[in-house]
Amino acid sequence: MTDEKNTAQPKIGYLFYYPDLDHPTDNFRLDVFVSDVVTEQHFDVCKAHFPVQDPDTGVEHLTVEHPWHGRKEARVCAGITILEDHKGKKEEAFTFGGKLSLDAQAFQTVCRLISPAPILEVNESVPLHMLFIEEVEILLAEYRAKFPKGSDFDAALCQADPRGLYLACLTEITDKFERFPQRNDQTMRFLTFLHAQQQKLQAAGLIKGLLPSRMSDIFKSGE
């Protein structure tokens, strides 16, 4: 990573930030540094793709490259964010929505995604995280199928409160696996993981006073 004071070179790659348990008002954050410079020191991001709100279609896929001359801000919808390097290699993250700010600088464009809900790195080395993301995508697909028009679902998805959506997914996925008549080791590990996520949010005070939400509450118009 380059020194922040060195403006002659871009920062490299991307960084995930998580709220400190002592600072419950903090948000989750993903910083992506897009540049046309190839350093080969880390993951050099040349393109970043975000699912963002579009007033006409519901969701559009915004591709950010450097130099950037487009919008300064966008509302990110729940879905996969894709980071691409100069060799075509890709890294991904799943977000439940948030605010994206774009800062075009001389040697890089800084994409800063801020969300009140966890931003999950798609990483095969963490199988429980991968299983959770897969289950969230299944759940969203099931609710999308209830809408006559996919664009109506996308509009509702973009309007959903990120933390409320995350908690609703966490609750329904937990309920689903607790209803399994037979639980193998993987199921038990996953349930332990799900309960741990709830406990982390409670310990950080991030769900204090927040009414529990269900997916059916968020996507009422699809019923």
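The values are calculated or read from the model by the stated rules, or taken from the named source; none is laboratory data. For clarity, every value in this text was computed on a predicted model and none was experimentally measured. Every residue, glycine among them, receives a Cβ derived from its backbone with ideal geometry; neighbour counts consider all protein chains shown.
Scan the range 97-110 and give yes if some residue there is modelled with pLDDT of 95 or more and either part of a loop (DSSP other than H, G, I, E, B) or touching a helix residue (DSSP H, G or I) at 6+ places or on another chain (Cβ under 7 Å) (or both), otherwise no. Checked against the condition, which is being modelled with pLDDT of 95 or more and either part of a loop (DSSP other than H, G, I, E, B) or touching a helix residue (DSSP H, G or I) at 6+ places or on another chain (Cβ under 7 Å) (or both), the range 97-110 yields at least one hit.
Just the residues that are of a type in the set (D, E, K, R) and modelled with pLDDT of 95 or more, please, taken from the range 57-71. Break it down into steps so the answer makes sense when it comes.
Let us first name the residues in the range 57-71 that are of a type in the set (D, E, K, R), namely 60, 65, 71.
Residue satisfying the conditions is 65 alone.
In the set (1) of a type outside the set (Ser, Thr, Tyr); (2) at pLDDT 80 or above; (3) surrounded by fewer than 17 Cβ atoms within 10 Å (Cβ to Cβ); (4) within 30 Å of residue 203 (Cα to Cα), the condition left unmet by residue 21 is number (2). Selection of the range 139-164 for residues being under 24 Å from residue 176 (Cβ atoms) and surrounded by fewer than 16 Cβ atoms within 10 Å (Cβ to Cβ) yields 141, 142, 145, 146, 150. Restricted to the range 183-223, and to residues there that are in contact with a helix residue (DSSP H, G or I) (Cβ under 8 Å, 6 or more places away or on another chain), among the hydrophobic types (A, V, I, L, M, F, W, C) and modelled with pLDDT under 80, the residue that is farthest from residue 115 (Cα to Cα) is 210.
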